[in-house]
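> Pasting in a structure now, in structure tokens, and then I'll have a few things to ask.
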Amino acid sequence: VQLQASGGGSVQAGGSLRLSCSASGRTFSSYAMGWFRQAPGKEREFVAAISWSGGRRDYVDSVKGRFTISRDNAKNTVYLLMNSLKSEDTAVYYCAAVATMIVPGPHDYEYDYWGQGTQVTVSS
């Protein structure tokens, strides 16, 4: 499967952005999806994940209550709605996919496919 992330940009602290990740292929609904991010000089970190059906979602503690992951299997797209953005959310955001019926853990090695990344910059 090929992934294409979009929706990044520059926003002031407290603002919102919605990232999208479009997937190719006919079996999108068989994949759990995740979002990761990498800030300059830091390791890539888990942000959120969603099961193939959308019935289960996991988040890193730092974004709980502010970010929402969702998916539309009819459109082969997963979303990350980011509200109340903070300067520490500044990073390149990547979407990822793995063919599994469960929600993967928060490790990048658990995912098989990656998008190219989209930059999110939050100014204070």
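The values are calculated or read from the model by the stated rules, or taken from the named source; none is laboratory data. Here the structure is a predicted model, which means the values were calculated and not measured. Note: ideal-geometry Cβ built from the backbone for every residue, glycine included; neighbour counts use all protein chains shown. These accessible areas exclude ligands, DNA and RNA; they are computed on the full protein's heavy atoms, side chains included. Shrake-Rupley method; radii C 1.70, N 1.55, O 1.52, S 1.80 Å.
> Out of all the residues in the stretch 58-71, is one or more in contact (Cβ under 8 Å) with a residue 60 or more places away in the chain, at negative phi and of a type in the set (Val, Ile, Thr)?
Checked against the condition, which is being in contact (Cβ under 8 Å) with a residue 60 or more places away in the chain, at negative phi and of a type in the set (Val, Ile, Thr), the stretch 58-71 yields no hits at all.
> Tally the residues that are without any contact (Cβ under 8 Å) to a residue 60 or more places away in the chain, at negative phi and surrounded by fewer than 22 Cβ atoms within 10 Å (Cβ to Cβ), restricting the search to the stretch 72-90.
Looking only at that region, the number is 7.
> Right, something else. Based on this model, can you work out whether ALA32 counts as part of a strand (DSSP E or B) and either of a type outside the set (Asp, Glu) or more than 13 Å from the chain's Cα centre (by Cα) (or both)?
Yes, satisfied.
> OK, next. Suppose we filter the stretch 25-59 for residues that are at pLDDT 95 or above, in contact with a helix residue (DSSP H, G or I) (Cβ under 7 Å, 6 or more places away or on another chain) and either open to solvent by 70 Å² or more (accessible area, probe 1.4 Å) or among the acidic types (Asp, Glu) (or both); how many remain?
Count: 1.
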